[in-house]
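Asks: Can you keep this structure in mind? I'll have questions shortly.
The values are calculated or read from the model by the stated rules, or taken from the named source; none is laboratory data. What you see is a predicted model; the values in this text were computed from it and never measured. Every residue, glycine as well, gets a Cβ built from its backbone with ideal geometry; the counts of neighbours run over all protein chains shown.
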Amino acid sequence: DAGVTQSPTHLIKTRGQQVTLRCSPKSGHDTVSWYQQALGQGPQFIFQYYEEEERQRGNFPDRFSGHQFPNYSSELNVNALWLGDSALYLCASLLLVYQPQHFGDGTRLSIL
Amino acid sequence: AQKVTQAQTEISVVEKEDVTLDCVYETRDTTYYLFWYKQPPSGELVFLIRRNSFDEQNEISGRYSWNFQKSTSSFNFTITASQVVDSAVYFCALRMVWGSQGNLIFGKGTKLSVKP
């Protein structure tokens, strides 16, 4: 039973570029949430996708956008990268909202 | 607004010592869930426990135990007879029952180092 998988593991970008991160949810899960974890901080909720639509969004600018595909996998896109976007980006999936979320290993994004 | 505070940034203990990680939360909602997650160096957040706001019974799972006190808005986590494998960052998190869609509000985490 595959858990949540994320790709790539690490990524280095320069300021102003854009990036796409990918997530495959745990088998049987249909909802995907994305979190940003800056160094030394707890994860912060970015947004959640369900039925291919953004269902809820945290306090992040429009530079952060996403997509969910019919197979429930998801992408996180960030435009106009700046140094402050350097972080570990975590994807989590769940089936029912009252159940615990299952997290992937994350993508570590470094902005130079 | 909801908030989770983990006042202990880092804790260092020697193997076999007991250690308690503190968590204080703020919410005006009467129904909510509290969680603890473990984050090893690999980065994955590993689910440890979930408590709902109606259940104040303490819970024990092997060397782990949790003390939920609604009166002080605290949900503390104790590791008994710590082991080197317990070294990780531990996060306490809060989730509302209504309107959260399952999404979590995390504290800043406590880094636990267990030395042999």
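Asks: Residue by residue through the stretch A:83-104, note down the ones that are at pLDDT 95 or above and part of a loop (DSSP other than H, G, I, E, B).
Replies: Of everything in the stretch A:83-104, just one residue is at pLDDT 95 or above and part of a loop (DSSP other than H, G, I, E, B), namely A:Ser86.
Every residue, every condition in (1) within 14 Å of chain A (Cβ to nearest Cβ); (2) in contact (Cβ under 8 Å) with a residue 60 or more places away in the chain; (3) aliphatic (A, V, I, L, M); (4) out of contact with any Cys (no Cβ under 6 Å at 6 or more places or on another chain), yes or no:
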residue	(1), (2), (3), (4)
B:Ser12	no, yes, no, yes
B:Glu17	no, yes, no, yes
B:Thr20	no, no, no, yes
B:Glu26	no, no, no, yes
B:Arg50	yes, no, no, yes
B:Glu56	no, no, no, yes
B:Ser61	no, no, no, yes
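Asks: Can you spot a residue in the stretch A:18-31 that is part of a strand (DSSP E or B), out of contact with any helix residue (DSSP H, G or I) (no Cβ under 7 Å at 6 or more places or on another chain), at pLDDT below 95 and surrounded by 15 or more Cβ atoms within 10 Å (Cβ to Cβ)?
Replies: The answer is yes, given that some residue of the stretch A:18-31 is part of a strand (DSSP E or B), out of contact with any helix residue (DSSP H, G or I) (no Cβ under 7 Å at 6 or more places or on another chain), at pLDDT below 95 and surrounded by 15 or more Cβ atoms within 10 Å (Cβ to Cβ).
Asks: Among the listed residues A:Glu54, A:Glu75, identify the single one that is part of a strand (DSSP E or B), within 14 Å of chain B (Cβ to nearest Cβ) and surrounded by fewer than 18 Cβ atoms within 10 Å (Cβ to Cβ).
Replies: Only one candidate qualifies: A:Glu54.
Asks: Look through the stretch B:28-47, keep the residues that are of a type in the set (D, E, K, R) and farther than 23 Å from A:Gly106 by Cα, and return whichever of them is farthest from the other protein chains (Cβ to nearest Cβ). Working first, answer last.
Replies: Of all residues in the stretch B:28-47, those of a type in the set (D, E, K, R) come to B:28-29, B:38, B:44.
Of the ones still in play, those that are also farther than 23 Å from A:Gly106 by Cα are B:28-29.
Details: B:Arg28: 19, B:Asp29: 14 Å.
Here the residue is B:Arg28.
Asks: Taking the stretch A:57-72 as the region of interest, how many residues are hydrophobic (A, V, I, L, M, F, W, C), crowded, with 16+ Cβ neighbours inside 10 Å and part of a loop (DSSP other than H, G, I, E, B)?
Replies: The qualifying residues number 0.
Asks: Another one. Does any residue of the stretch B:98-112 turn out to be of a type outside the set (S, T, N, Q), assigned to a strand (DSSP E or B) and surrounded by fewer than 19 Cβ atoms within 10 Å (Cβ to Cβ)?
Replies: yes
Asks: Filter the stretch B:29-48 for residues that are touching a residue at least 24 places away in the same chain (Cβ under 8 Å) and surrounded by fewer than 13 Cβ atoms within 10 Å (Cβ to Cβ); which is farthest from B:Leu104 (Cα to Cα)?
Replies: Here the residue is B:Pro41.
Asks: Now, a different point. Any residue at all in the stretch B:73-89 that is modelled with pLDDT of 95 or more, closer than 18 Å to A:Trp34 by Cα and touching a Gly at 6+ places or on another chain (Cβ under 6 Å)?
Replies: No: the stretch B:73-89 contains no residue that is modelled with pLDDT of 95 or more, closer than 18 Å to A:Trp34 by Cα and touching a Gly at 6+ places or on another chain (Cβ under 6 Å).
Asks: Turning to a different aspect of this structure: Among residues belonging to the stretch B:15-62 that are assigned to a loop (DSSP other than H, G, I, E, B) and among the basic types (Lys, Arg), point out the one that is nearest to B:Lys115 (Cα to Cα). Break it down stepwise before answering.
Replies: In the first step, residues of the stretch B:15-62 are kept if they are assigned to a loop (DSSP other than H, G, I, E, B); the result is B:15-18, B:22-23, B:27-31, B:40-45, B:53-58, B:62.
Add one more test, that the residue is among the basic types (Lys, Arg), and what stays is B:16, B:28.
Working: B:Lys16: 9, B:Arg28: 40 Å.
My answer is B:Lys16.
Asks: Looking at A:Arg57, A:Arg15, can you tell me which residue is of a type in the set (Lys, Arg) and in contact (Cβ under 8 Å) with a residue 24 or more places away in the chain?
Replies: Step by step, each of A:Arg57, A:Arg15 is checked, and only A:Arg15 is of a type in the set (Lys, Arg) and in contact (Cβ under 8 Å) with a residue 24 or more places away in the chain.
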